[in-house]
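In what follows, a structure is listed as structure tokens, so that the remarks can point back to it.
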Amino acid sequence: MMDPVLSTSPRRAPTALSFLIPSISVVVGASLAFLIFPYDLSFLTRIVIMMIFVVSFDLILGQAGIATLGHAAMYGCGAYAAGLISLHLSPDPLLGLLVGAVAGAVMAWISGLVLLRTHGITLLMISIAVTMVLQETASQARWLTGGADGLAGITVGPLLGLYEFDFVGQVAFIYSVSILAAVLLLCQVLIGSPFGLALRGIEGSASRMRAIGTPVYRRKVTVYVIAGAIAGIAGALAAQVTGLVGIEVFNFSLSADVMVMLILGGAGRLYGALVGTLLFMVVHHVAASIDPLNWLFVIGFMLLIVVFVLPKGLVALPGRLARLLRRTS
Amino acid sequence: MNDGLSIVGLSKNFGGLQVARDLTLTLPRGSRTALIGPNGAGKTTFANLLTGVLKPTSGKIVLNGQDIGSLSESARVRAGVAKTFQITNLFRDLTVRENLRLPILEREGRTHQFFRRADGWSDIEAEIARLMQDLNIQPLADKPVRGLAYGQQRLVELALTLAVKPKVLILDEPAAGVPSTESHFIVEAIKRLPQDLSVLIIEHDMQLVFEVADRIIVLVNGAILMEGTPDEVVANKQVRELYLGAGHV
Amino acid sequence: MSLILSIVVDGVAYGMILFMISVGLSITMGLMRIINLAHGGFALLGGAAVHLLTTRLDVAFIPAFLVAVLAVVLVSVLLERLLYRHIYGFNELGQVLATIGIVFIMIATVNLFLGSTILPLGAPAIFTTPIDLGFRTLPFHRLVVIISGLLVLAGLWLLMEKTRFGIYLRAAVDNRIAAASLGINTPLVYLVAFATGAGLAAVGGILGAELLPIEAYYPLRYMVLFLIVVSVGGLGSISGSFLASISLGILDTAGRYLLPGIGTIFFFVAIVVLLALRPNGLMGKAQ
């Protein structure tokens with residue numbers, strides 16, 4: 001039966017050492033990009049940071065089936081936390097990442113406790129409202145956040161005490177790619193673990209999970225906190241790499257973009273997050289340089305195409321094509 | 001009674017509608033009890049009251065001396081009361097193996113081990129294999145449940161609930177929708193259930209009831225009409241009226 | 001005291017705008033069970049059309065208003081037949097994404113033809129005439145808004161209670177499948193409900209242009225607001241929408257007057273608390 005409804009693709013648990021594959025492919029891909037586009041490193045770094053952000057969203061949407069439009073909340077908290085630590089305490093980048101992760105995790109925990117008791121439109125609404133609260137708070141608390149002007153002049157100390165961040169952005173790129181590879185490794189391990197299986201169970205049938213004794217709410221909060229920590233890391237990286245944090249880190253459009261990127265690529269298998277982010281960022285870059293607002297035409301049509309034609313995202317395209325070819329041959 | 005499930009004065013009403021009236025019964029350890037009654041008698045309501053899906057208006061539910069009436073649904077499962085779903089409720093995108101792995105991992109408390117593979121315990125994998133063998137579903141082991149025939153899904157449903165290893169097992173119409181060529185697997189599986197397990201079978205299929213039950217409770221309009229051995233129930237005048245009509249008694 | 005009255009009057013006017021725009025969304029979400037993030041786009045298109053007619057084509061306000069609303073209704077009918085009809089069957093996530101796609105296209109269209117700055121509507125001079133209420137003066141426009149809102153409420157009440165269409169609509173909101181099996185032409189009911197909601201959104205957008213300025217990003221900027229009204233009021237409930245709009249209008253205005261700066265924070269925290277305690281809104285049925 002043709003399922004016209006958008007649903008997340010079936011997730012296969014990884015086998016043997018396959019949990020290393022996403023990390024390795026990213027390192028290989030990034031190395032190639034480094035060589036082919038040596039002067040576009042800041043753009044490439046932004047893509048990598050966004051990939052980390054979208055991968056964290058895949059954990060909650062693709063694995064556990066939790067759909068929010070407020071993922072920017074944890075990203076923004078991570079960004080501000082890292083910025084503040086760098087300005088006031090220590091410019092060590094890894095410390096900034098740690099603090100960003102903690103900030104994201106704490107925000108996820110606080111908001112998750114309320115959010116995850118709800119479903120559907122209410123859940124979406126509350127997730128949006130949380131980011132609005134954070135954005136307004138950041139805007140008002142000038143003494144802490146710099147208000148609408150944000151934090152500037154965030155400097156980062158040498159990575160591991162050895163590698164100074166250079167002007168061309170090489171160290172920043174390698175740094176970000178390493179974090180992405182580490183995050184992917186962690187996520188793959190998590191997906192293949194009993195916890196990951198439980199999340200897929202919750203996405204499949206929360207009522208069945210309750211009937212086998214699973215404290216569903218607690219599990220959801222746990223994955224939300226983990227995803228929040230990773231989103232916080234992405235935000236922290238962004239702050240460190242660009243040297244700025246503004247209230248737009250809490251924008252609703254950022255949360256919406258993350259969802260679009262994930263769905264474009266396909267939720268549930270980390271590759272989708274990577275592919276979707278790459279495509280979105282590249283198309284945006286190209287379209288925006290032609291005409292900034294008409295980029296919305298492109299993304300609008302892309303969304304409609306995905307939803308009407310390719311519900312499982314681009315990663316499902318090879319499978320669809322293969323089936324199509326088999327049928328016509 | 002400290003061994004088994006004891007229900008005292010369980011009642012439930014929705015506004016003016018009384019769906020469970022002062023139900024009192026026991027399911028001793030090792031018993032095989034069938035719950036029968038016409039449609040709308042309140043059998044599924046009763047089951048939902050036991051599992052915690054519905055909160056009673058009054059009454060007590062005691063399992064092995066512990067009052068479980070205030071526990072949530074998942075807490076009751078952890079305490080030892082599990083039920084199959086009348087309408088199959090499985091993890092459709094997961095394979096049969098994964099469907100069975102989940103309850104075992106949950107039962108063994110291994111879900112928080114982030115850094116081990118879900119299929120990394122040989123004792124669990126062996127248990128899954130045994131379960132599948134008991135219900136003759138090994139050939140389906142690595143197929144997503146979504147693609148299975150309804151009868152096969154019923155078997156997986158039963159296996160999943162058995163994997164919980166409850167103390168009290170409620171089977172909600174286990175044979176419903178299963179073709180007669182396959183229903184004997186279910187009957188065999190029920191007969192092979194652990195001896196110290198209390199089993200409550202909600203069924204319409206009287207043949208199955210007579211094959212596995214040593215006691216039958218007849219529920220009508222939310223109240224217990226009578227309770228007894230299969231022979232006693234069959235001989236009972238009111239029950240015969242109920243099932244065969246007044247003219248046939 | 002006059003401060004309180006000020007808050008109430010301004011809050012009610014603001015609430016009326018929210019009501020007119022959001023009531024259509026509440027009905028379509030309650031009826032077709034569709035999360036339509038593009039609903040604000042109808043308000044935008046209405047305002048943009050009036051801008052075009054009054055400032056670029058020198059049409060008088062009232063004819064422009066009527067033409068604009070009609071145009072939006074026609075556009076909504078097209079969209080419903082072409083796209084929304086299929087979106088009804090998607091799951092929640094699919095609806096969110098599809099309607100985000102639609103709203104992006106709406107925004108890009110307005111930007112393409114009219115740019116991305118605020119579009120002033122050629123409102124008649126009489127709108128700014130101050131009316132003396134004793135404790136303060138009020139622009140005539142606010143009075144128009146409040147009266148329009150009440151007229152819309154009355155009109156909808158009449159529609160729902162006194163016409164056959166209203167009965168069909170209420171039946172379909174209550175139980176879609178039963179309504180269809182009774183021979184009610186549910187696709188037509190959906191279409192009319194959708195178009196009416198879009199038309200009302202256009203009215204609200206045009207009349208509310210002073211409070212919610214018309215510009216290309218309008219639907220995204222205020223989408224949260226409309227969704228909050230609908231969530232708080234309960235899906236499918238006209239009275240719920242009305243209550244929620246007025247309450248939220250007054251709450252938000254009070255916040256701005258009394259707690260400038262943190263008023264918005266307070267507002268959104270209040271929303272979170274309310275939705276957490278009553279996920280189905282003030283008047284909603286369980287989903």
For segment A:71-78, state whether one or more residues are closer than 13 Å to A:TYR224 by Cβ, away from chain C (no Cβ under 14 Å) and either part of a helix (DSSP H, G or I) or among the acidic types (Asp, Glu) (or both). yes
Residue hits (segment C:39-57; within 13 Å of C:SER76 (Cβ to Cβ) and either surrounded by fewer than 23 Cβ atoms within 10 Å (Cβ to Cβ) or in contact with a strand residue (DSSP E or B) (Cβ under 6 Å, 6 or more places away or on another chain) (or both)) are none
Would you confirm, using the coordinates I've provided, whether C:LEU251 is closer than 24 Å to C:ALA276 by Cα, modelled with pLDDT of 90 or more and of a type outside the set (D, E, K, R)? no
Residue tally, condition of a type outside the set (A, V, I, L, M) and either surrounded by fewer than 14 Cβ atoms within 10 Å (Cβ to Cβ) or farther than 19 Å from B:ASP214 by Cα (or both), over segment B:1-38: 14
Leading residue by the ranking (surrounded by the most Cβ atoms within 10 Å (Cβ to Cβ)) among those in segment C:234-271 that are among the hydroxyl-bearing types (Ser, Thr, Tyr) and over 27 Å from C:ILE34 (Cβ atoms): C:THR253
Can you tell me how many residues in segment A:207-256 are in contact with a strand residue (DSSP E or B) (Cβ under 6 Å, 6 or more places away or on another chain) and either in a helix (DSSP H, G or I) or aromatic (Phe, Trp, Tyr) (or both)? 1
Filter segment A:214-229 down to residues that are touching a Ser or Thr at 6+ places or on another chain (Cβ under 7 Å) and surrounded by 22 or more Cβ atoms within 10 Å (Cβ to Cβ) and give me whichever is modelled with the highest pLDDT. A:ALA227
Of everything in segment B:158-195, what is polar (S, T, N, Q), modelled with pLDDT under 85 and either in a loop (DSSP other than H, G, I, E, B) or in contact with a Leu (Cβ under 8 Å, 6 or more places away or on another chain) (or both)? Give them in sequence order. B:SER183
Count, please, the residues in segment A:27-65 that happen to be under 28 Å from A:GLY76 (Cβ atoms), out of contact with any His (no Cβ under 9 Å at 6 or more places or on another chain) and among the hydroxyl-bearing types (Ser, Thr, Tyr). 2
Residue pairs qualifying under the 7 Å Cβ cut-off, at least six apart or on distinct chains, with the first in segment C:72-98 being on the phi < 0 side of the Ramachandran plot and the second being of a type in the set (Phe, Trp, Tyr) and crowded, with 24+ Cβ neighbours inside 10 Å, are C:VAL72/C:PHE42; C:SER76/C:PHE42; C:SER76/C:PHE194; C:GLU80/C:PHE194; C:TYR84/C:PHE194
Qualifying position, being surrounded by fewer than 18 Cβ atoms within 10 Å (Cβ to Cβ), within 11 Å of chain A (Cβ to nearest Cβ) and part of a helix (DSSP H, G or I), among B:ARG130, B:ARG146: B:ARG146
If we take segment C:177-280, then helices (runs of 4 or more DSSP H) inside it with 3 or more residues that are within 14 Å of another protein chain (Cβ to nearest Cβ) and touching a residue at least 60 places away in the same chain (Cβ under 8 Å) are C:218-233, C:238-258
For A:GLU248, the lone unmet condition from (1) crowded, with 22+ Cβ neighbours inside 10 Å; (2) within 16 Å of A:GLY76 (Cα to Cα) is (1)
Among the residues of segment B:39-97, what is the count of those that are away from chain A (no Cβ under 14 Å), surrounded by fewer than 17 Cβ atoms within 10 Å (Cβ to Cβ) and of a type in the set (Ser, Thr, Tyr)? 3
Is segment A:86-107 home to any residue that is modelled with pLDDT of 95 or more, in contact with a Phe, Trp or Tyr (Cβ under 9 Å, 6 or more places away or on another chain), in a helix (DSSP H, G or I) and farther than 29 Å from C:ARG221 by Cβ? no
Which one of these is crowded, with 21+ Cβ neighbours inside 10 Å, within 21 Å of the chain's Cα centre (by Cα), more than 8 Å from every other protein chain (Cβ to nearest Cβ) and aliphatic (A, V, I, L, M): C:LEU97, C:LEU119, C:LEU143? C:LEU119
Any residue at all in segment A:225-236 that is among the small types (Gly, Ala, Ser), within 14 Å of chain B (Cβ to nearest Cβ) and touching a residue at least 24 places away in the same chain (Cβ under 8 Å)? yes
With the structure loaded, tell me whether B:ALA213 is surrounded by 20 or more Cβ atoms within 10 Å (Cβ to Cβ), within 15 Å of the chain's Cα centre (by Cα) and of a type in the set (Gly, Ala, Ser) or whether it fails that test. yes
Filter result (charged (D, E, K, R) and facing another protein chain (nearest Cβ under 9 Å)) within segment B:109-127: B:ARG110, B:ARG116, B:ARG117, B:ASP119
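The values are calculated or read from the model by the stated rules, or taken from the named source; none is laboratory data. Fair warning: this is a prediction, and the values are worked out from it, not measured in the lab. We place every Cβ from the backbone using ideal geometry, glycine too, and count neighbours over all the protein chains shown.
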